[in-house]
Amino acid sequence: MANLDSIFHGLSDPTRRAVIVRLAAGPAPVSELAAPHDMALPSFLKHLKVLEAGGWIESDKAGRIRTCRLKPETAKAAEGWLGQQRSLWEARLDRLDAFLTNQTDEG
């Protein structure tokens, strides 16, 4: 599993997020993934390399066709970290709310 920095780096670009969304519907060849993006294939392949390094996708080659597929466990790792952060901030906001309510009641 990739580290969190690599995982979130994969999400930091709209092209890569679009690839992830597309692959959520199922595996696809690189040519299909690249088609909606207005960039040269070498530039697009750099995005796929970032996604592979981040653990978001894996690929295999059959003949001349490279097919990519999503690795859902990476999304679960990101979701786990975000869930921890959400819990932390909700607890902080609850304490702030209690403090402000207490200040208003005393004032």
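Tabulated values for the structure
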quantity: Any pair with Cβ under 6 angstrom, 6 or more apart, that starts in region 81-107 at a residue that is at negative phi and loosely packed, with under 10 Cβ neighbours inside 10 Å and ends at one that is assigned to a helix (DSSP H, G or I) and among the hydroxyl-bearing types (Ser, Thr, Tyr); calculated: none
quantity: Tally of residues being over 18 Å from HIS9 (Cα atoms) and under 14 Å from the mean Cα position of the chain (by Cα) across region 49-68; calculated: 0
quantity: Residue count for region 69-107, restricted to those that are over 23 Å from ASP5 (Cβ atoms), of a type in the set (Gly, Ala, Ser) and assigned to a helix (DSSP H, G or I); calculated: 2
quantity: Every residue from region 69-93 that is acidic (Asp, Glu) and more than 16 Å from the chain's Cα centre (by Cα); calculated: GLU90
quantity: Check on LEU23, surrounded by 15 or more Cβ atoms within 10 Å (Cβ to Cβ) and within 16 Å of the chain's Cα centre (by Cα); calculated: yes
quantity: Residue within region 68-86 that is closer than 17 Å to ALA24 by Cβ, of a type in the set (A, V, I, L, M, F, W, C) and touching a Pro at 6+ places or on another chain (Cβ under 9 Å) present; calculated: yes
quantity: Test result for PHE8, touching a Leu at 6+ places or on another chain (Cβ under 8 Å), aromatic (Phe, Trp, Tyr) and surrounded by 13 or more Cβ atoms within 10 Å (Cβ to Cβ); calculated: no
quantity: Test: residue in region 71-82 that is of a type in the set (A, V, I, L, M) and at pLDDT 95 or above; calculated: no
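Yes or no, residue by residue, for (1) assigned to a helix (DSSP H, G or I); (2) surrounded by 14 or more Cβ atoms within 10 Å (Cβ to Cβ):
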site	(1), (2)
SER12	no, no
VAL19	yes, yes
GLU32	yes, no
SER43	yes, no
GLY55	no, yes
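The values are calculated or read from the model by the stated rules, or taken from the named source; none is laboratory data. Values in this document were obtained by computation on a predicted structure and should not be read as measured data. Please note: Cβ atoms are built from the backbone with ideal geometry, for glycine as well, and neighbour counts cover all protein chains shown.
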